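FYI, it's all coordinate maths here, none of it is from the lab. Predicted model, so just to flag it, every value in this text is computed and none were measured. Using ideal geometry, Cβ is built from the backbone for each residue, glycine included, and neighbour counts are taken over all protein chains shown.
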């Protein structure tokens with residue numbers, strides 16, 4: 001009986017592990033930041049420019065990778081916008097002087113380097129990226 | 001004195017920016033737009049009957065993060081819109097911003113007034129789908145009244161927990177008037193003289209075809225603000241905004257030499273907005289009420305005449321639907337209605353009834369050819385002429401069309 005179901009168990013474990021370890025995006029912060037978790041609401045406020053500082057008063061430097069899937073899924077799930085609406089939102093902030101958009105990078109490696117160099121930085125990278133020296137934070141509802 | 005203040009402020013801003021450039025904390029952006037407008041039957045906004053290219057804007061801005069709490073920014077804008085602008089480079093906005101926390105920040109400088117969804121960015125074509133904002137709410141002749149103040153502003157974001165969140169903004173200061181000799185003020189003067197026909201035999205006789213020999217418009221105190229609610233329903237935003245203030249207009253006309261003094265005691269704009277986004281679909285609606293009290297006096301050599309204080313209300317509204325089909329193609333349609341006098345929506349007191357309204361059905365196609373370059377095509381079907389203030393002596397057709405083409409490049 002064990003032999004009969006082991007293939008189903010292996011397939012199920014594979015699907016489960018992809019969901020846990022292979023999501024479309026990850027949130028990373030500079031190593032000096034104490035946060036282990038961020039709420040969805042906080043992420044939304046940071047990446048829409050409504051929260052400019054961490055609790056300790058340090059300026060937040062948000063960054064996002066310009067790779068289609070992680071960026072699109074993050075913008076939809078966390079910010080509730082389409083990519084065009086996100087671009088329009090930040091164009092409005094920029095051309096009315098109300099804010100500066102998150103820094104954008106064409107590769108995870110470049111964004112990871114930015115996070116290293118900026119103590120207050122928080123970034124969105126591909127879910128598959130793995131590096132020894134980045135700190136991934138968990139996203140929680142509240 | 002004002003010139004010196006601006007000179008030293010600009011010097012301070014550029015010195016700080018120079019430092020920030022070295023630290024790579026500065027961003028420079030801009031755009032350039034060129035449009036074309038062609039109307040049937042009536043000249044509208046520009047000399048549009050023959051087709052007109054006097055329809056463009058260019059801007060460059062710089063924003064620099066100075067510290068964990070502070071940032072500074074400045075934008076210069078040059079535009080040409082028929083008789084207005086003429087490519088004069090003006091300071092569009094410029095301020096220093098100090099952010100205490102997410103619920104409270106301060107701005108000091110030249111600040112755009114937060115009226116409706118589009119007032120602050122009304123000169124930036126790439127921020128919206130339509131070329132021409134619905135004039136029922138964003139009347140071009142009222143632009144200078146409602147654009148920016150020199151003063152102080154406060155802003156912030158407040159959480160309402162499961163009821164959503166609020167973004168607020170309040171500004172106060174002196175109305176910043178780009179050019180008191182611009183065509184906008186002539187439009188205002190024309191409207192006011194038109195209103196006072198019937199109050200005075202002088203205006204009955206001389207109320208059209210005048211020229212302005214000299215004009216000075218002084219902005220006085222203005223307060224404005226908005227509250228925007230991001231509701232618990234994802235994608236639904238509600239906004240209420242208001243601005244009110246005073247100004248004085250002193251004009252010397254050519255008929256035979258008249259000094260015309262207008263004190264606008266209270267000039268008040270109220271705009272209520274709703275916007276809903278669901279995926280690539282959007283639905284927008286706004287209502288705008290404009291009310292003012294005026295004291296007008298005019299002086300013919302040796303005699304001064306004062307007219308009774310006048311209260312006037314105009315209003316307008318529009319509804320718009322839009323859909324983005326792909327990364328490069330979006331379309332929207334709006335229907336708008338404007339009434340220059342809420343007590344006379346049928347135009348019974350006008351020379352012709354259709355001067356009492358202007359109804360506009362519009363369709364826009366927007367093509368984002370690259371991340372930085374877009375092209376728009378737009379057509380309008382108009383009923384009424386209430387908003388026609390160019391060539392006021394022209395004979396106006398009730399039903400007419402307007403076509404527009406515009407391209408914008410941003411960097």
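Could you work out, residue by residue across B:273-286, how many beta carbons of other chains sit within 10 Å of that residue's beta carbon, and then give the average as an integer?
1
What distance in nm separates the two pseudo spin-label positions at residue A:73 and residue B:158, each 7 Å out from Cα along the beta-carbon direction?
Calculated label separation equals 3.8 nm.
If you average the alpha carbon positions of the stretch B:352-411 and of the stretch A:29-56, how far apart do those two centres end up, in angstrom?
One Cα centre to the other: 44 Å.
Among DSSP beta bridges lying fully in the stretch A:23-140, give the percent that are antiparallel, nearest 5.
If I count the DSSP bridges inside the stretch A:23-140, around 45 percent turn out antiparallel.
What order do you get for B:350, B:376 when you list them from fewest to most C-beta neighbours inside 10 Å?
Listed from fewest to most nearby Cβ atoms, that is B:350, B:376.
Give me the orientation-averaged projected area of the Cα convex hull of the stretch A:23-140, in nm², one decimal.
6.8 nm²
Between residue B:333 and residue B:409, 0.36 nm times their residue separation minus their Cα-Cα distance comes to what?
25.0 nm
Kindly rank A:50-56, B:37-43, A:118-124 from highest to lowest mean number of other beta carbons found within 10 Å of each residue.
A:118-124, B:37-43, A:50-56
Most exposed first by the Cβ proxy, i.e. fewest other Cβ within 10 Å, how do B:323, B:36, B:292 rank?
Listing B:323, B:36, B:292 from fewest to most nearby Cβ atoms yields B:323, B:36, B:292.
Measuring from label point to label point, each 7 Å out along Cα→Cβ, what is the residue A:103 to residue B:321 span in nm?
4.4 nm
If packing is taken as the mean number of other Cβ atoms within 10 Å per residue, what is the order of B:55-62, A:34-41, B:359-366, highest first?
Packing order, densest peptide first, comes out as B:55-62, B:359-366, A:34-41.
Taking the beta-carbon count within 10 Å as an exposure proxy, list B:171, B:66 from fewest neighbours to most.
B:66, B:171
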